[in-house]
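Student: If you scroll down you'll find the structure; I have some questions about it.
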Amino acid sequence: MKFFINEVDQIVNEAIDGLLTNPDLARLDAAAGIRVVIRKDWDKSKVAIISGGGSGHEPAHAGFVGKGMLTAAVCGDVFASPTVDAVLSAILAATGPEGCLLIIKNYTGDRLNFGLAAEQARTLGYRVKTVTVDDDIALGADVKKRGVAGTLFVHKVAGQLAEEGKSLDEVTAAAQTVIDRTVSIGLSLTSCRHLGQPYVPRLNDQQVELGLGIHGEPGLRVIAYDKANELMNIAMTQLAGSLPDTNGRYAMLFNNMGSVSPIEMNILVQSFCKTSLGDKVDYMIGPAALMSSINMNGFSVSLLLLNESIKRALLAPAAPAAWQLQAFKKPATVAAPVLPATMPFAPSANVYVQTLLEETGRLLVAIEKEINDLDAKVGDGDAGSTFALTGKRILAVNGQLPLDNTGHLLLTLGRLLAREAGGSSGVLLSILFTAAGNAYAHTPELGGALLSGLQTVKAHGGAQVGDRTMIDALQPAFEALAAGAPIAVAAAAARKGADNTKHIIRTKFGRSSYLPEEVLKNIPDPGAEVIARVLENMATLK
């Protein structure tokens, strides 16, 4: 595996320094191994809120230091609790007469090191209280529950109350209330890949883990890989069984555990809306990486049962950029404008034209893989699929087309391609047929109309003959038709133009202009090849 790192033993130090480009934050100038990020503006006049733990969960914990959330965060090595001295340094640096609250995740190392630091600080005369977050419901009520992403709810509520000047007892009680009202569960397609270390996968491509921990610890069970909706439903069914109040209203923290792409996270939110919990949520933080597991390909959902005081604290503004709370609503729509009808003309019959379109549609579908394979050599490998989609749409509506009116048919094909076809080739062909239909209305001659439509394509797209595009096949074919030549002659001209693209290795327009010459040699342009085959197929029909 490749990672953006320098030295493995400097990962945490360098990551903290990167975070400290935020002008509101600083780190303690302390001995090696003591990594504490603290607010620059902190004056010790209020209750300090301190949390932390192993690194690798970014933006937690240091990314949530700021007004309205944490006063300081203590950062250990990756997935390792910070030392007692590091925690004690944070307490001494941040705590004034009002005292401090330590928010601890329920892991043995964190409990021991934060707990001992608290005892040492009390010996020195500091007022220190602790709460332990145990929101992970994956392993059941009989097991000491782990602290996971729901910890951030505790940071926010405690941080806001401290900012308002509440006492240490009040802040501690509110934090414990949030803990008691928070449940979380995670699901992942992979375990995490430790930076700079060999990766030993625990799951195969057909396995998913439900309820695994934020350090990659085994979860509730391994289940079969399935569609997003099914996986989400399994996870949320598990979570629903642990809700503190099945009739209550909730805030949700939708956490990316590291490497789920943004588009997948949005799909997962949509999947959540379909579950039994979708109607119970009023507010959402995310979807975003909030308490990650380095680069785990998974997500977690945390739900906090709301009351008025918790809701008020959550809605109050906070300085950390990573905290973005928004109202949560199911997907909504607004009225769409009425677009021109795709097929505005009455259908009419013409057996020959219908046969031409049917055979063209079948051909485009049949050569999908072959053209995709060709396109993969000089493009992104989807040209065949784009043309196949066009073919399928033509086959689906062939009987509804104005087959006996050439001008209307050209315009209709243009609209069909505009609505249904993808990629630049679909758009360019839509322009071609639309402009040709408009030209045919003034001069009802097919070859000339198609040539006029091609001129419009060239004006919009910029490519000319010799630029290694489908124009190399279209222009000679349309010129032949405009001169009165039969379809067989036009097909031969298209074939010659398509074959010639094998030898064009320098272009100014089209996707070939982005590719090195050695990639293009002896490979025809896929679009030109499709045009040549379509015309050759038409030439065989009677």
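Student: Cβ-Cβ distance below 7 Å, separation of 6 or more or different chains: which pairs start in region 194-208 with a residue that is under 26 Å from Ala228 (Cβ atoms) and end on one that is at pLDDT below 90 and part of a loop (DSSP other than H, G, I, E, B)?
Tutor: Tyr199/Met1; Tyr199/Arg193; Pro201/Ser191; Arg202/Ser191; Leu203/Ser191
Student: Given the conditions (1) assigned to a loop (DSSP other than H, G, I, E, B); (2) surrounded by fewer than 22 Cβ atoms within 10 Å (Cβ to Cβ); (3) touching a Gly at 6+ places or on another chain (Cβ under 7 Å), report the number of the one that Cys192 does not fulfil.
Tutor: Here Cys192 meets the rest and fails (2).
Student: May I pose another question? Which residue pairs have Cβ atoms under 9 Å apart, sit 6 or more places apart or on different chains, and have a first residue in region 335-352 that is of a type in the set (A, V, I, L, M) and a second that is assigned to a loop (DSSP other than H, G, I, E, B)?
Tutor: Final answer for the pair search is Met343/Leu401; Ala346/Asn405; Ala349/Leu403; Ala349/Asp404; Val351/Leu403.
Student: Among the residues of region 179-189, are any in a helix (DSSP H, G or I), touching a helix residue (DSSP H, G or I) at 6+ places or on another chain (Cβ under 9 Å) and either among the small types (Gly, Ala, Ser) or in the same structural domain as Ala80 (by TED's automatic domain parsing) (or both)?
Tutor: Looking through region 179-189, at least one residue is in a helix (DSSP H, G or I), touching a helix residue (DSSP H, G or I) at 6+ places or on another chain (Cβ under 9 Å) and either among the small types (Gly, Ala, Ser) or in the same structural domain as Ala80 (by TED's automatic domain parsing) (or both).
Student: Also, quick follow-up: Inside region 260-294, can you point out the residues that are buried (at least 17 other Cβ atoms within 10 Å of the Cβ) and touching a residue at least 60 places away in the same chain (Cβ under 8 Å)?
Tutor: Ile285, Ala289, Leu290, Met291, Ser292, Ser293, Ile294, listed by residue number.
Student: Looking at this structure, is Ala86 assigned by TED's automatic domain parsing to the domain that holds Ala313, more than 37 Å from the chain's Cα centre (by Cα) and free of Cβ contacts under 8 Å to residues at least 60 places away in the same chain?
Tutor: Numbers: assigned by TED's automatic domain parsing to the domain that holds Ala313: yes; more than 37 Å from the chain's Cα centre (by Cα): no; free of Cβ contacts under 8 Å to residues at least 60 places away in the same chain: yes.
For Ala86, the condition - assigned by TED's automatic domain parsing to the domain that holds Ala313, more than 37 Å from the chain's Cα centre (by Cα) and free of Cβ contacts under 8 Å to residues at least 60 places away in the same chain - is not met.
The values are calculated or read from the model by the stated rules, or taken from the named source; none is laboratory data. The structure presented is a predicted model; accordingly, all values stated were derived computationally and were not measured. Glycine also receives a Cβ, built like all others from the backbone with ideal geometry; neighbour counts cover every protein chain displayed.
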